[in-house]
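This report refers to the structure that appears directly beneath it.
Every number in this text was worked out from the coordinates using simple rules, so none of it is lab data. What you are looking at is a predicted structure, and each value in this text was computed from that prediction instead of being measured. Positions of Cβ are backbone-derived with ideal geometry, glycine not excepted, and every protein chain shown enters the neighbour counts.
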Amino acid sequence: MKTKKTLFFVIFASLFYALPVQATSLDEIYRDLVRSDNSGYLPMFVKNRYAPDFVLDEESSKKITPPEETKPLDIKAVSLESQRAKREAELKAAQEKWQNTLKAIKNNQITPVDLEELQKHVNNNEADAVEIYAWMNARGIGIKQDLVKAFYLYQKASSLKVPGANNNAAQVYKAMTREQRNSLTTLSN
């Protein structure tokens, strides 16, 4: 009987060892459970971190698409400079140029560049620039005196809500000759 028990135990033990072992550690047991819950698919958070990257599941290999053909990157087109910083620098340069123009007008050292800058601001209907240009035309500072043009510029300044522009237009009108006043009426008709 003892031999039968021993023989039975040996046969039973050999069958037990002959079966493939599915999980020998807790990690492998957990992976087997996850794999069985997900129809054989092992999610990324469970994949073995020691497995080589080229080993892929069937489902994940189906999702891989070949890379599209890309154009080479034009390095000249990529701007590393901040657009905001660039605009701020341009704005600062424009303000500095305007301040230099005003300084040149004040010192009666007007250049054609200053006149061009002033004309740009007048065309943008900036009240201060219109008043300064009217004053220059009325006094003949930096440009040839033109009372008719000064009168119209003071009227424009008045429409831009410049205080005292109406009084200045009246003063310019009083200083005009009869011919200049007649040219106003013919121009307005």
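For the pair Asn166 and Thr111, the difference between a 0.36 nm per residue extended length and the Cα-Cα distance amounts to 16.9 nm. Can you work out the FRET efficiency for the pair Lys174 and Asn100, with r the C-beta to C-beta distance and R0 = 25 Å, to the nearest 0.05? The formula returns an efficiency of 0.15 here. Among the GluC sites (Glu not before Pro) found in the range 79-154, those both in a DSSP coil and sparsely packed, with 10 or fewer other Cβ atoms within 10 Å of their Cβ, are Glu81. Each 5 Å bin from zero up to the one holding the largest Cα-Cα distance in the range 83-188 carries the following percent of pairs: 2, 13, 20, 20, 18, 12, 7, 4, 2, 1, 1, 0.
Of the trypsin sites (Lys or Arg not before Pro) found in the range 101-179, those in coil by DSSP whose Cβ has at most 10 other Cβ atoms within 10 Å are Lys144, Lys161.
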